[in-house]
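The values are calculated or read from the model by the stated rules, or taken from the named source; none is laboratory data. Just so you know, these numbers come straight off a predicted model, no measurement behind them. Glycine also receives a Cβ, built like all others from the backbone with ideal geometry; neighbour counts cover every protein chain displayed.
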Amino acid sequence: MKIPKLNIGGLIADIPILQGAMGVGVSGSRLAAAVANEGGVGVIAGVNIGFNEPDFLRNTLAANIRALKSQIKNARQLAPKGILGVNLMVAMNHYGEMVRAAVEEGIDLIVSGAGLPLKLPEFVKDIHTRLVPIVSSGKAARIIAQYWESHYGRTPDMVVVEGAEAGGHLGFSRQVLETENRPSVMDSVKDVVDTLHQFSEKLHKKIPVIAAGGIYTGADIARCLQTGADGVQMATRFTATDECDADIRYKQAYLAAQKEDIVIIQSPVGMPGRALNNKFIQKLSACGVEIKGCSQCLAGCNPKVAPYCISAALINAVQGNVDEGLVFVGSNVYRVDQIVSVKNLIGELLRDIASAPNA
């Protein structure tokens, strides 16, 4: 099939692939730039991005803003003509300050989920910064679109629909995630497309809808495009690349993963997530993990009662201490069998899409 371009409010990506953000620190400037240079959309994970700064624990907000701007600047130097985004979770503390910092540094788009980003346009006065909410249903898309239109006179420039097969924090109940017959992401995509149609018609503006979660091959991408998505978001495949910003031991955990190693865990903020059942998870299940310091990364987390510090667990993992860390994964992580370059991965995906029969 012919590979379509992706139009994000006038920004044209040559290939309809959005690299999913993976934090803390898994998708930084190096990975985002590599994807952007191949014609996709590279995305930097913004949550606790300043974890390597020397003053991170005592001056967390300043460290995060400094690192965020540095990562954007570095990505722009590596991919001067590419499309770059930052993913900032609604659930994070100092959400508005981080959004403003990204806009000041000239980021192309803000991707935002882990809650409804109802007030996102309030922090983005620059209309050149594209706004991309992450949703899991048509209902959520409608709430956001209606709120943005009535309060800010804006609509989303693109919407990512994250299905039940994705990694990290998920917008589904644990009961749904642990059933064999989980809802298909394309059912949710069709729901969101139908929901956004009235807004597109009213404003004469196409709002692209992106399918995310469980998309692994070029054939998967082709099926999504043929059944109504304008593009896809992929994260798991990009972790197992040379350019991924995580320690090699993090990537090796992906290579070693078996299907039975994938578990649904509970985040300290109450959201379920998909991760690897490693020594950290086993220790957590047995007795919990003591919180020795708190960077106050998430607004809904109370360190006095939380069973563990998700920030510390994610930082341990990305730095290579995977036995003491939380390793988020998508449902197809067990299929990863080699580490390749971003260029080779995207080349493989594009060949598979091109060879797919037309619908």
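Summary of values
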{"read-out": "Per-region count, the stretch 145-163, residues surrounded by fewer than 22 Cβ atoms within 10 Å (Cβ to Cβ), on the phi < 0 side of the Ramachandran plot and either touching a His at 6+ places or on another chain (Cβ under 7 Å) or assigned to a loop (DSSP other than H, G, I, E, B) (or both)", "value": "2"}
{"read-out": "Residue identified as in the same structural domain as MET98 (by TED's automatic domain parsing), farther than 23 Å from ASN332 by Cα, touching a His at 6+ places or on another chain (Cβ under 8 Å) and of a type outside the set (Asp, Glu) among PRO121, PRO117", "value": "PRO121"}
{"read-out": "ILE215 vs. criteria surrounded by 22 or more Cβ atoms within 10 Å (Cβ to Cβ) and not in a loop (DSSP other than H, G, I, E, B)", "value": "no"}
